[in-house]
1. May I ask you to verify whether residue 165 is on the phi < 0 side of the Ramachandran plot, surrounded by 14 or more Cβ atoms within 10 Å (Cβ to Cβ) and not charged (D, E, K, R)?
2. Residue 101 - would you say it is farther than 22 Å from residue 194 by Cβ and touching a residue at least 24 places away in the same chain (Cβ under 8 Å)?
3. Could you check the range 123-156 and list, in sequence order, the residues that are in a loop (DSSP other than H, G, I, E, B), farther than 23 Å from residue 230 by Cα, in contact (Cβ under 8 Å) with a residue 60 or more places away in the chain and not aliphatic (A, V, I, L, M)?
4. Among the residues of the range 168-190, which ones are on the phi < 0 side of the Ramachandran plot, exposed (fewer than 12 other Cβ atoms within 10 Å of the Cβ), of a type outside the set (Ser, Thr, Tyr) and free of Cβ contacts under 8 Å to residues at least 12 places away in the same chain?
5. Is there any pair linking a residue in the range 64-80 that is closer than 18 Å to residue 21 by Cβ and touching a residue at least 60 places away in the same chain (Cβ under 8 Å) to one that is among the hydrophobic types (A, V, I, L, M, F, W, C) and surrounded by 11 or more Cβ atoms within 10 Å (Cβ to Cβ), with Cβ under 8 Å and at least six apart or on different chains, and which?
6. What is the number of the single condition among (1) surrounded by fewer than 22 Cβ atoms within 10 Å (Cβ to Cβ); (2) more than 18 Å from residue 230 (Cα to Cα) that residue 9 does not meet?
Amino acid sequence: MSADDHKRRAAERALAFVTSGMRLGLGTGSTARHFVELLGERVRSGHLDVVGVPTSQATQRLAVEHGVPLTNLDDTPELDLTVDGADEIDPELRLIKGGGGALLREKIVAGASARMLVVADDSKLVDRLGHFPLPVEVVPFGHRATALAIRRALVDLGLDPVLHLRPGSADAPFRTDNANLIYDCDLGAIHDPDALAAALSALPGVVDHGLFIGLCSGAVIAGPGGIRVID
């Protein structure tokens with residue numbers, strides 16, 4: 001089976017955590033896409049009656065396409081469960097997210113949820129975070145100065161970072177759904193995710209970062225050996 005097959009199996013298993021009446025956060029990315037598609041099948045067949053809050057414009061379009069009823073955090077500020085993917089997952093269920101560029105909305109929705117469940121293939125499990133570049137969302141104004149501040153903060157933590165402004169289309173930088181920019185930070189290994197998260201959050205110009213700490217309460221992981229649930 002391919003990695004995408006494992007992602008779909010994990011997404012299908014995650015549906016067991018969803019019951020009628022739930023208010024759901026709908027994640028962004030390839031695995032979350034499978035979950036939204038499968039959720040739509042259950043909704044259209046009458047087996048589930050739920051409402052979802054999408055974490056990106058792409059997920060919103062996908063949910064509408066597959067018949068998943070939607071709301072927003074202004075009308076529904078408290079959610080029961082968010083189901084989302086991750087770029088890396090460590091043994092303490094700390095995550096790196098943001099490869100799809102939706103990290104800010106993903107974190108807001110996860111924070112509004114009683115529980116966050118991650119679905120992934122087993123390649124996302126790591127002993128230590130950092131092999132996947134850490135996305136940092138910044139405001140466009142003065143973003144080069146913000147990037148220098150990010151680099152200094154990372155060096156002060158003993159890291160040897162390389163920062164890349166994420167490219168978009170037509171020689172323009174990538175823009176998030178919030179019209180911000182993303183710097184992807186190659187770090188190698190993150191020895192203290194908590195200290196790194198605090199240092200980045202303290203910098204003017206930084207909107208948010210892809211370290212999700214204390215938000216994920218469970219994961220459904222699929223691989224050649226089958227499916228396992230980490231709780």
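Each value in this text was obtained by applying a stated rule to the coordinates, not by laboratory testing. Just so it is clear, the model here is predicted, and its values are computed rather than measured. Heads up, the Cβs are rebuilt from the backbone with ideal geometry, glycines too, and the neighbour counts pull from every protein chain shown.
1. yes
2. yes
3. Once the filter is applied, which keeps residues that are in a loop (DSSP other than H, G, I, E, B), farther than 23 Å from residue 230 by Cα, in contact (Cβ under 8 Å) with a residue 60 or more places away in the chain and not aliphatic (A, V, I, L, M), the range 123-156 yields 141, 142.
4. Of everything in the range 168-190, just one residue is on the phi < 0 side of the Ramachandran plot, exposed (fewer than 12 other Cβ atoms within 10 Å of the Cβ), of a type outside the set (Ser, Thr, Tyr) and free of Cβ contacts under 8 Å to residues at least 12 places away in the same chain, namely 172.
5. Final answer for the pair search is none.
6. Only one criterion in (1) surrounded by fewer than 22 Cβ atoms within 10 Å (Cβ to Cβ); (2) more than 18 Å from residue 230 (Cα to Cα) is unmet by residue 9, namely (2).
To keep it simple, each residue is scored yes or no on (1) over 14 Å from residue 211 (Cβ atoms); (2) among the charged types (D, E, K, R).
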site: 119; (1), (2): yes, no
site: 134; (1), (2): no, no
site: 139; (1), (2): yes, no
site: 143; (1), (2): yes, no
site: 155; (1), (2): yes, no
site: 160; (1), (2): yes, yes
site: 168; (1), (2): yes, no
site: 172; (1), (2): yes, no
site: 175; (1), (2): yes, yes
